[in-house]
Amino acid sequence: MPKTKKQKLALEIIERLRTEYPDATCSLDYDQAWKLLVSVRLAAQCTDERVNVIVEKLYEKYPDVQSLADADVDKIEEIVRPCGLGKSKARDISACMKILRDKYDCQVPKTFEELLALPGVGRKSANLIMGDVFGEPAIVTDTHCIRLTNRMGLVDGIKEPKKVEMALWKIIPPEEGSDFCHRLVYHGRAVCTARTTPYCDKCCLQDICPKVGVQK
């Protein structure tokens, strides 16, 4: 079946970003799946850099799923408060760890549906874990992904994360989704920025991007 115009554009963007950011990975630090689960919850409305600092303190006190599940929610909140929304994040982390302890033998479940059923886990978080931990096809529609794919013309004026995700599944090869989204984060921070005018003059996509010079 012939590729659509957007599929061809997506493939070209994927290759250029691969060249520009060959080593792009998740910017949240973790060495076990459950730690990524904790970090991605803390990252809501907080920078990854701050999360990486805060979780070190959290894991010093609670080094595994069991200890974090057993911890008093107020004690968790004291540590994670600098990430913002401390009360709700602590509550979700506590509830989530209890489920991992009681239902999954302290392991992170391996299906998208099971991940979505965990407290505080939405589609973005579930996709991140499926892609980074389990190596499954994934599209993580964070703010960078939504902003950049709209600017690049891969989606048309869509802002709702799930709708962006569904649109991208139609044009992004499944095996490319996870790495592509990580590269969008790198590109969104360095070049196609949100809070300043995008640096279109140094963008590797400037000759194929319909939004060159436009901040949206």
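The values are calculated or read from the model by the stated rules, or taken from the named source; none is laboratory data. If you're wondering where the values come from, they're calculated on a predicted model, not measured in any experiment. FYI the Cβ positions are ideal-geometry reconstructions off the backbone, even for glycines, and counts take in every protein chain you see.
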Looking only at segment 138-154, decide whether some residue is among the aliphatic types (A, V, I, L, M), touching a Phe, Trp or Tyr at 6+ places or on another chain (Cβ under 8 Å) and without any contact (Cβ under 8 Å) to a residue 60 or more places away in the chain.
yes
Residues that are in a loop (DSSP other than H, G, I, E, B), more than 30 Å from Asp70 (Cα to Cα) and in contact with a Ser or Thr (Cβ under 6 Å, 6 or more places away or on another chain): does segment 162-174 have at least one?
no
Residue pairs, Cβ under 9 Å, 6 or more apart or interchain, first in segment 89-117 and in contact (Cβ under 8 Å) with a residue 12 or more places away in the chain, second surrounded by fewer than 16 Cβ atoms within 10 Å (Cβ to Cβ) and of a type in the set (Lys, Arg). List them.
Lys89/Arg81; Ala90/Lys75; Ala90/Arg81
Can we say Ala44 is surrounded by 12 or more Cβ atoms within 10 Å (Cβ to Cβ), modelled with pLDDT of 95 or more and either out of contact with any Asp or Glu (no Cβ under 7 Å at 6 or more places or on another chain) or closer than 20 Å to Gly84 by Cα (or both)?
no
For segment 186-213, give me each residue that is outside any loop (DSSP other than H, G, I, E, B) and among the aromatic types (Phe, Trp, Tyr).
Tyr186
Could you please let me know if Thr111 is of a type in the set (Val, Ile, Thr) and buried (at least 21 other Cβ atoms within 10 Å of the Cβ)?
no
Is it true that Ile146 is among the β-branched types (Val, Ile, Thr) and in a helix (DSSP H, G or I)?
yes
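Answer yes if at least one residue in segment 114-126 is touching a His at 6+ places or on another chain (Cβ under 9 Å) and assigned to a helix (DSSP H, G or I), and no otherwise.
Scanning segment 114-126, I find no residue that is touching a His at 6+ places or on another chain (Cβ under 9 Å) and assigned to a helix (DSSP H, G or I), so the answer is no.
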Testing Arg183 on (1) over 19 Å from Glu20 (Cα atoms); (2) in a helix (DSSP H, G or I), one condition comes back false. Which one is that?
(1)
Of the conditions (1) within 18 Å of the chain's Cα centre (by Cα); (2) on the phi < 0 side of the Ramachandran plot, Gly120 fails just one. Which one is it?
(2)
Examine segment 149-166 for a residue that is out of contact with any helix residue (DSSP H, G or I) (no Cβ under 9 Å at 6 or more places or on another chain), at pLDDT 95 or above, over 15 Å from Val185 (Cβ atoms) and not acidic (Asp, Glu), and state whether such a residue exists.
yes
If Thr19 meets every condition in (1) assigned to a helix (DSSP H, G or I); (2) in contact (Cβ under 8 Å) with a residue 60 or more places away in the chain; (3) not assigned by TED's automatic domain parsing to the domain that holds Lys162 apart from one, which number is that one?
(3)
Per the list (1) surrounded by fewer than 16 Cβ atoms within 10 Å (Cβ to Cβ); (2) of a type in the set (Ser, Thr, Tyr); (3) assigned to a loop (DSSP other than H, G, I, E, B), residue check on Ser67 breaks on (3)
Scanning segment 1-16 residue by residue, those basic (Lys, Arg) and within 21 Å of the chain's Cα centre (by Cα) turn out to be Arg16
Residues located in segment 180-197, provided they are over 16 Å from Pro161 (Cβ atoms) and crowded, with 19+ Cβ neighbours inside 10 Å
His182, Arg183, His187, Cys192
